[in-house]
Amino acid sequence: LVLPVFVMCTVVVIVTTMFGLRSLALAGLARDAARVASVADDPCAAASTLVGSRARLECRVAPWDDSGARSVRIELEDGIPGVGQRSDGSGSRGAPVVIDRIGDLVSALLPRATAVMLLEPPPVLG
């Protein structure tokens, strides 16, 4: 009688641990991508090269404050192939509305990470 409860608790602990480790890895990847982007000539291309296909990337370069300094904002979301990816604004590749809503729910539960870093000015030589 105790075995099913024990197995269920063990599975919950394992899944929670995997989710936490993936969240930490995603946060580290976001920090690394922001650092690479902050020193590159093309910030978003550099971040995209570093992240590759490991996560969905959203990169924005924006003013930091009124001083004219600019920052790069990296937002990463863990990806499950086919979930939350839309080919157009109407839905997921013609999937029924119910499947589309479930995909939105799963996508909302995926780990996310954000990192913001000031863009460094190019070095002055000479």
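Of note:
- Lone qualifier among 56, 60 - being of a type in the set (Lys, Arg) and either touching a helix residue (DSSP H, G or I) at 6+ places or on another chain (Cβ under 7 Å) or exposed (fewer than 13 other Cβ atoms within 10 Å of the Cβ) (or both): 60
- Residue 39 at pLDDT 90 or above, open to solvent by 70 Å² or more (accessible area, probe 1.4 Å) and among the aliphatic types (A, V, I, L, M): no
- Test: residue 80 is at pLDDT 85 or above and either under 12 Å from the mean Cα position of the chain (by Cα) or more than 15 Å from residue 117 (Cβ to Cβ) (or both): no
The values are calculated or read from the model by the stated rules, or taken from the named source; none is laboratory data. Here the structure is a predicted model, which means the values were calculated and not measured. Every residue, glycine among them, receives a Cβ derived from its backbone with ideal geometry; neighbour counts consider all protein chains shown. Only protein heavy atoms, including side chains, enter the accessible area calculation; ligands, DNA and RNA are left aside. Shrake-Rupley method; radii C 1.70, N 1.55, O 1.52, S 1.80 Å.
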